[in-house]
């Protein structure tokens, strides 16, 4: 049975609704010849070297602020109200009425995590070049320097990875990382692209700057490979959740399951190298994709931790198993909501926000314990391990995640790196 639901797509570009020939400086062949954009190359492996430019403050947030001043966003996200919901978890609620715009609903297939790229639909080759911030790539293995080039050609023959603004931002500095944008990759995890996202988190070197990924069926709204990222100067609830170690892989990656958190998920950390950590999560993600299981990824703590969160909300929604009360909120529980940052579109929901309401939503997102165990078995078979708690440990090792100062700081201008 083909599952479809009526979806109202999120607008991430000012040119998302346009049809036909542009004449507006896009990334397609008609406009890209002669286009130039700054390029940041990070060190591929090993110890981080000194950068000629501060990545987070000068590039991501500085360029984002420039586009804000130029009026490229659909609304002022810094004016959105935000509060911490009282309770055990400390969920963060934001009133973002700007993302709740009346648009023509489209049919959205939710039962296929893997779908081919369709160039007739909106994709990131159609964005205006003024929405791009810079190119981002890893240096070659024999190049141990971080480099910044302020004015480099966009090479159509060597598809660049770019960072662009999200014109409907959730938070300050909300950007999109689009790997190899001109290759028109569908929204699916591959090893190289996940490593690039992890490198970006590492270069930012700030625990308040996170990257997220939504698969198709888990509230990705555009089938063109991309990650999202933004800056929020407080700890996400998921980052405070305790965890229970399952195993450590041969390459040093520790895999744990979340405990006492409303969404069941896995936490990956450590590894003998950044690539080891990335490859392990990529293998698990490919397994989920191949088994048609929607999922979300949060890259946290400057790339030191990766949360992998399978979910089932859209399937329940398509089958009519989600309450009308939840549906009326029109909240899309993607990676940010699953991590505890609730983006609410109606003032009544924001004013009445409670931990009970947040838990009700996340209960519909999370897999059941039985299904979660089945999915974990698939994942561990895919990465070459069986799920067995260490027999020498009679009790699970529970670790509180590294604590970040929980004081909320609303940022209206480029903050200093904390």
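Overview of values
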{"quantity": "Whichever residue in the stretch 306-341 is crowded, with 24+ Cβ neighbours inside 10 Å and more than 13 Å from the chain's Cα centre (by Cα) and, among such residues, is modelled with the lowest pLDDT", "calculated": "314"}
{"quantity": "Sole exception among (1) in contact with a strand residue (DSSP E or B) (Cβ under 6 Å, 6 or more places away or on another chain); (2) at pLDDT 95 or above; (3) under 18 Å from residue 135 (Cβ atoms); (4) surrounded by fewer than 23 Cβ atoms within 10 Å (Cβ to Cβ) for residue 174, by number", "calculated": "(3)"}
{"quantity": "Count - residues of the stretch 116-133 that are out of contact with any helix residue (DSSP H, G or I) (no Cβ under 6 Å at 6 or more places or on another chain) and either within 22 Å of residue 63 (Cα to Cα) or surrounded by 14 or more Cβ atoms within 10 Å (Cβ to Cβ) (or both)", "calculated": "11"}
{"quantity": "Criterion (within 22 Å of residue 95 (Cβ to Cβ) and out of contact with any strand residue (DSSP E or B) (no Cβ under 9 Å at 6 or more places or on another chain)) met by exactly one of 275, 316, 325", "calculated": "325"}
{"quantity": "Matching residues in the stretch 214-231 - criterion: being in a loop (DSSP other than H, G, I, E, B) and touching a helix residue (DSSP H, G or I) at 6+ places or on another chain (Cβ under 8 Å)", "calculated": "215, 217, 218, 219, 222, 224, 225, 226"}
{"quantity": "All positions within the stretch 243-276 that are under 15 Å from residue 195 (Cα atoms) and either free of Cβ contacts under 8 Å to residues at least 40 places away in the same chain or under 17 Å from the mean Cα position of the chain (by Cα) (or both)", "calculated": "253, 268, 269, 270, 271, 272, 276"}
{"quantity": "Pair list, Cβ under 8 Å, 6 or more apart: the stretch 87-115 residue at positive phi and in a loop (DSSP other than H, G, I, E, B), other residue surrounded by fewer than 17 Cβ atoms within 10 Å (Cβ to Cβ) and modelled with pLDDT under 55", "calculated": "90/406"}
{"quantity": "Those residues of the stretch 33-50 which are assigned to a loop (DSSP other than H, G, I, E, B) and buried (at least 19 other Cβ atoms within 10 Å of the Cβ), in sequence order", "calculated": "43"}
{"quantity": "Where residue 373 falls short, out of the listed (1) over 21 Å from the mean Cα position of the chain (by Cα); (2) at pLDDT below 95; (3) under 26 Å from residue 293 (Cβ atoms)", "calculated": "(2)"}
{"quantity": "Criterion violated by residue 105 - all others in (1) touching a strand residue (DSSP E or B) at 6+ places or on another chain (Cβ under 6 Å); (2) within 20 Å of residue 219 (Cα to Cα); (3) modelled with pLDDT of 95 or more satisfied", "calculated": "(3)"}
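Condition check ((1) more than 16 Å from residue 333 (Cα to Cα); (2) modelled with pLDDT of 95 or more; (3) surrounded by 19 or more Cβ atoms within 10 Å (Cβ to Cβ)) across all residues:
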{"position": "231", "(1), (2), (3)": "yes, yes, yes"}
{"position": "242", "(1), (2), (3)": "yes, yes, no"}
{"position": "271", "(1), (2), (3)": "yes, yes, yes"}
{"position": "287", "(1), (2), (3)": "yes, yes, no"}
{"position": "295", "(1), (2), (3)": "no, yes, yes"}
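The values are calculated or read from the model by the stated rules, or taken from the named source; none is laboratory data. Computed from a predicted structure; not experimentally measured. No Cβ is skipped: glycine too gets one built from the backbone with ideal geometry, and neighbour counts run over all protein chains shown.
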